[in-house]
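Encoded as structure tokens, the structure appears first; notes follow it.
The values are calculated or read from the model by the stated rules, or taken from the named source; none is laboratory data. As the structure is a prediction and not an experimental result, all values here were calculated from the model. Ideal geometry is used to build each Cβ from the backbone, glycine not excepted, and the neighbour counts take in all protein chains shown.
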Amino acid sequence: MSNPLQDPGFFRNPYPTFAALRSASPVQKLPGGGGRSSYLVTGYAEAKEAFTDPRLSKDTARFFAGKETGRNLHPAVSQSMLATDPPRHTRLRSLVTKAFTPGAVARMRPYIESVVGELLDEWAPGEQTDAIQKLAVPLPVTVICHMLGVPVADRTSMHIWSNELFAAGRPERIDSASHAVADYMADLIAAKRRTPDDSLLTGLIRARDGEDRLSEDELVSLAVLILVAGHETTTNLIGNGLLALLKAPDSLHRLREEPGLVETAIDELLRLDSPVSTATFRFTTETTRLGDTEIPAGSPVLIAPGAANRDPARFPEPDRLALDRDTGGHLAFGHGIHRCLGAPLARAEGGIALRALVTRFPQLRLAVPAEELEWRHTRLMRGLVALPILL
């Protein structure tokens, strides 16, 4: 049996594959490399349960201990907060939580709006542009780099390295990028320590130096995680959301007439085409039953928010964009203790960007057929390489 997640067509449109797998079983065993199988969770109820089951560990260092992986990932990436369990995860997360609360994000809105305005001021009605490279990428990169205190001249490199970290099937590129971004952050931390400022990075340094709560490795790892997670999901949210609206003219027209609806429509766009297709690695610490499937101890488990959010048992007519849908409980940002810390920031950036787009460019439309669009070759993220639009 081949792994359907490795089929080239999966990257273009994973949803028929997810639907077929879920129909067969919401939790099922898939073949993996090196003879190691994994279990994929595609059902909504099962995914929500899996996100909170303490028998599913994210401590990848524990899983790979003593195993030869042939990889050279920098520890700042391979052993980030995403790859830890409580109590260490609780301690690390508490250090950055305040920066991403709804209140903190609300104070960021004027800055986000100014960045969106500056980006769209470069666009002229009637021209063709790429919404990914001209908006969906630079907006969240600018915002998260501003928060961390990354110099403007270095921000393009940040995006390139971050993109490389999700290059499916290219482990050498992933490993190289992990060292590049971690080494950069180590140097930037050293610079901030010499010349402190009011950035989030300086705040994390003080938490370590002043209270001895962070090791140097943890500090670098948190900085890398915030940088990468702080813009990858938002880039995909903007691109996927805009495409969904362009493919649904009635919904796009309604948002132009009721721009205030964008803030709540964001959750339906997140549900419909989730920026994270398959969540990061977990494994069972003991024999675990999910749904009707028994998973042996020590088995890798992949939870697919992209599949769960289109489970018809939870969301009727799941493949249809419905702006009035009750999307409460969607899993685009995960669930439980590992729920995306930056969710309020991503929702704010996505809402501000899409609202500005639909109101400033009333004739906005796709420049090429949707079937010709190229999607990123990564099983973790779901995002476009480019989105050519006519203004």
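Considering segment 166-175 alone, what residues qualify as being assigned to a helix (DSSP H, G or I) and either surrounded by fewer than 18 Cβ atoms within 10 Å (Cβ to Cβ) or in contact with a helix residue (DSSP H, G or I) (Cβ under 7 Å, 6 or more places away or on another chain) (or both)? If you could, list the steps in order and put the result at the bottom.
At the first step, the residues of segment 166-175 found to be assigned to a helix (DSSP H, G or I) are 171-175.
Hits for segment 166-175 are P171, E172, R173, I174.
Within segment 5-16, count every residue that is crowded, with 17+ Cβ neighbours inside 10 Å and part of a helix (DSSP H, G or I).
Of the residues in that region, 4 qualify.
Tell me which residues, restricted to segment 95-129, are touching a residue at least 40 places away in the same chain (Cβ under 8 Å) and out of contact with any helix residue (DSSP H, G or I) (no Cβ under 9 Å at 6 or more places or on another chain).
Listed by number, the residues that qualify are T97, A124, G126, E127, Q128.
Filter segment 310-368 down to the residues that are closer than 19 Å to A124 by Cα, assigned to a helix (DSSP H, G or I) and basic (K, R) and list them by number.
Residues satisfying the conditions are R355, R360.
Answer yes or no as to whether E268 is more than 19 Å from G239 (Cβ to Cβ) and acidic (D, E).
Values: more than 19 Å from G239 (Cβ to Cβ): no; acidic (D, E): yes.
When the stated conditions are applied, E268 does not pass them.
Which condition breaks for F63 when tested against (1) closer than 30 Å to R22 by Cα; (2) at pLDDT below 95; (3) touching a helix residue (DSSP H, G or I) at 6+ places or on another chain (Cβ under 8 Å)?
(3)
When you scan segment 282-303, do you find a residue that is modelled with pLDDT under 95, aromatic (F, W, Y) and under 18 Å from S57 (Cβ atoms), even just one?
No - not one qualifying residue is present in segment 282-303.
Considering only residues that are within 27 Å of the chain's Cα centre (by Cα) and part of a loop (DSSP other than H, G, I, E, B), look in segment 284-308 and name the one that is nearest to G383 (Cα to Cα).
A304
Suppose we filter R36, R62, R12, R55 for residues that are in contact with a Phe, Trp or Tyr (Cβ under 7 Å, 6 or more places away or on another chain) and of a type in the set (D, E, K, R); which single one remains? Give the derivation first.
Working: R36 fails: in contact with a Phe, Trp or Tyr (Cβ under 7 Å, 6 or more places away or on another chain); R62 fails: in contact with a Phe, Trp or Tyr (Cβ under 7 Å, 6 or more places away or on another chain); R55 fails: in contact with a Phe, Trp or Tyr (Cβ under 7 Å, 6 or more places away or on another chain).
The unique qualifying residue is R12.
Are there any helices (runs of 4 or more DSSP H) wholly within segment 197-283 with 2 or more residues that are buried (at least 24 other Cβ atoms within 10 Å of the Cβ) and of a type in the set (S, T, Y), and if so which? Don't jump to the end; show me each part of the working.
Details: elements: 200-211, 216-246, 249-257, 262-272.
Counting at least 2 such residues, we get 216-246.
Looking only at segment 67-106, which residues are hydroxyl-bearing (S, T, Y), modelled with pLDDT under 85 and over 18 Å from the mean Cα position of the chain (by Cα)?
Across segment 67-106, the qualifying residue is only T69.
Please determine, by comparing only the residues of segment 380-391 that are buried (at least 19 other Cβ atoms within 10 Å of the Cβ) and either part of a loop (DSSP other than H, G, I, E, B) or free of Cβ contacts under 8 Å to residues at least 24 places away in the same chain (or both), which one is farthest from the chain's Cα centre (by Cα). Give the steps one after another, and end with the answer.
If we filter segment 380-391 for residues that are buried (at least 19 other Cβ atoms within 10 Å of the Cβ), which is where we start, we get 381-384, 387, 389, 391.
From what's left, either part of a loop (DSSP other than H, G, I, E, B) or free of Cβ contacts under 8 Å to residues at least 24 places away in the same chain (or both): 382-383, 387, 391.
Working: R382: 8, G383: 10, L387: 18, L391: 27 Å.
That would be L391.
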